[in-house]
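Trainee: Sharing a structure here in structure tokens format.
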């Protein structure tokens, strides 16, 4: 069975996010004052070949730590679901 990993990478709390602030200001200008803090991140889909769920979780964690997220300024989380 193959797996679909959905990875979400976002700036760590306390790290300046100028792109998020620009979007927040623009939304306020467009008449959406209820929008609070905006954080801009990355969404990545990975299609994994036939490995166990545990192996897929381990490998995706390694991929995120080594390449997909900058551990100094970004956090990551992911889900893994069976690929249909």
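Trainee: For residue 64, which of the numbered conditions (1) part of a helix (DSSP H, G or I); (2) under 14 Å from residue 4 (Cα atoms); (3) within 13 Å of the chain's Cα centre (by Cα) fails to hold?
Mentor: (2)
Trainee: Please verify whether the stretch 23-35 includes one or more residues that are closer than 15 Å to residue 70 by Cα, at pLDDT 95 or above and part of a loop (DSSP other than H, G, I, E, B). Outline the logic, then answer.
Mentor: From the stretch 23-35, those closer than 15 Å to residue 70 by Cα are none; that's our starting set.
No: the stretch 23-35 contains no residue that is closer than 15 Å to residue 70 by Cα, at pLDDT 95 or above and part of a loop (DSSP other than H, G, I, E, B).
Trainee: Right, something else. Which members of the stretch 35-60 meet the condition of being surrounded by 10 or more Cβ atoms within 10 Å (Cβ to Cβ), out of contact with any strand residue (DSSP E or B) (no Cβ under 8 Å at 6 or more places or on another chain) and closer than 15 Å to residue 6 by Cα?
Mentor: The one that is surrounded by 10 or more Cβ atoms within 10 Å (Cβ to Cβ), out of contact with any strand residue (DSSP E or B) (no Cβ under 8 Å at 6 or more places or on another chain) and closer than 15 Å to residue 6 by Cα: 58.
Trainee: Restricting attention to the stretch 64-84, and to residues there that are under 12 Å from residue 10 (Cα atoms) and in contact with a helix residue (DSSP H, G or I) (Cβ under 6 Å, 6 or more places away or on another chain), which single residue is surrounded by the most Cβ atoms within 10 Å (Cβ to Cβ)?
Mentor: Top of the filtered list is 76.
Trainee: Within the stretch 20-38, identify whether any single residue is at positive phi and free of Cβ contacts under 8 Å to residues at least 60 places away in the same chain, and answer yes or no. Steps first, please.
Mentor: Residues of the stretch 20-38 at positive phi: 31.
So of that shortlist, the ones also free of Cβ contacts under 8 Å to residues at least 60 places away in the same chain come out as 31.
Yes, that holds for at least one residue.
Trainee: Also, quick follow-up: Out of the residues in the stretch 9-22 that are loosely packed, with under 15 Cβ neighbours inside 10 Å and part of a helix (DSSP H, G or I), state the one that is nearest to the chain's Cα centre (by Cα). Lay out the reasoning, then the answer.
Mentor: We begin by selecting, within the stretch 9-22, every residue loosely packed, with under 15 Cβ neighbours inside 10 Å; these are 12-16, 18-19, 21-22.
Filter again for part of a helix (DSSP H, G or I), leaving 18-19, 21-22.
On the way: 18: 17, 19: 15, 21: 18, 22: 19 Å.
Residue satisfying both the conditions and the ranking: 19.
Trainee: Which one of the conditions (1) modelled with pLDDT of 95 or more; (2) out of contact with any helix residue (DSSP H, G or I) (no Cβ under 9 Å at 6 or more places or on another chain); (3) not in a helix (DSSP H, G or I) does residue 44 fail to meet, given that it meets all the rest?
Mentor: Result: residue 44 fails condition (2) only.
The values are calculated or read from the model by the stated rules, or taken from the named source; none is laboratory data. Fair warning: this is a prediction, and the values are worked out from it, not measured in the lab. Cβ coordinates were reconstructed from backbone atoms using ideal geometry, including for glycine residues, and neighbour counts include every protein chain displayed.
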